[in-house]
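S.K.: Okay, here's the structure, questions in a sec.
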Amino acid sequence: MGPSSKKKKEPCGRETLEMMRERWAKLYRDFYSKKHNTYDLSKIPDIHDCIRYDAMHNAHLYLSGIRELLDISASLAHALVPQEYGIDVHEKLHIGTNMCRSLLKKVRDDLDLARGFNITHRLNPTFATTDHLIKSAHRSVRTRLYFTSESHLHTLLNVLRHSVTGQDENAPVSREAVKFIEDIPELCYMTHIVVRVFERGGFVCTLLHSLDPHRFRVELSLSPGATGDPLTEFSPKEPLTVAPLKVISREGLTCQEFQDYICSVIAFGNSKPQPE
């Protein structure tokens, strides 16, 4: 046997076995207090993330019991994570509106841009090269990408499906889609929400018609990210597939209605709860 065959296997990346051991030792110390014989359930998501990471990227170490640990941690995380952002609808709305206020303000302003109320943002003509195949060098930039955390995704979905007005028919998410969201086991890597703005045909470009609230409609879609079993369906050459987008908005949602709802969510977050 050559020297290379005797080389000790190391974890993925630049992590060493000692670093990996310390990573798990710290999680254990944070999760279980031997002195008080208590458990910190808020560490369950971190434990689940670590188990999932090792199952996917350190499978070559042949960690014993990884399947049982993954199944148990997944069940616990699926039950606990949504509750971190509110137990009942009232809590979900108050936590969600406060966490998502800045993001919602940005979405509101960008919807104004998409509707043509602000035409100052133009494509840099230097990018309109032959390589990029851009034919309209002076077109308005209409795409916006927001990179955020899992916590913001949970709270954003909460305020979109639970109406702050108390009337579910005013929420932008359809009642059928609410069931779909509730059945999602977890928001995994590459979870994304897409907001599409469509302009209805037949509108004449006049000031009167440009202000028509029915000129633009909005379509909201959601993908819960990577799907599949990380132990059996993942490899460096074959990553997990990403779930397809599913439309979650109610039928006929106009851009004006969506913006008005966002404004009501922002106002709800700014209001102080009344003393009982």
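Just so it is clear, none of the values below were taken in a lab; they were calculated from the coordinates. Quick caveat, the model's predicted, so the values are computed rather than measured. Cβ sites come from the backbone with ideal geometry, for glycine too, and all protein chains shown count toward neighbours.
S.K.: Could you list which residues have their amide H under 5 Å from that of Ala243, counting only those 5 or more apart in sequence or on another chain, with H placed in the peptide plane?
M.R.: Gly225, Ala226, Thr227
S.K.: Return the inverse of the average 1/r over all pairs of distinct C-alpha atoms in the stretch 13-83, which is the Kirkwood hydrodynamic radius, in Å to one decimal.
M.R.: 13.0 Å
S.K.: Highest mean first, what order results for 181-194, 152-165 on Cβ atoms within 10 Å?
M.R.: 152-165, 181-194
S.K.: Another one. At a 10 angstrom cut-off on C-beta neighbours, averaged per residue, how do the peptides 44-51, 229-236 rank from highest to lowest?
M.R.: 44-51, 229-236
S.K.: Suppose every Lys and Arg Cβ carries +1 and every Asp and Glu Cβ carries -1, with no other charges. What dipole size does the stretch 13-83 come out with about its Cα centre, to the nearest 20 debye?
M.R.: 200 debye
S.K.: Also: For the stretch 1-83, please report how many Lys pairs fall under 17 Å Cα to Cα, leaving out neighbours fewer than 8 apart on the same chain.
M.R.: 4
S.K.: I'd like to know which of Leu27, His60, Asn37 lies farthest towards the positive end of the charge dipole of the stretch 13-83, counting +1 on Cβ of Lys and Arg and -1 on Cβ of Asp and Glu.
M.R.: Value computed over the given set: Asn37.
S.K.: Need one number: nm distance between label points at Arg67 and Cys12, each 7 Å from Cα along Cα→Cβ, rounded to one decimal.
M.R.: 2.0 nm
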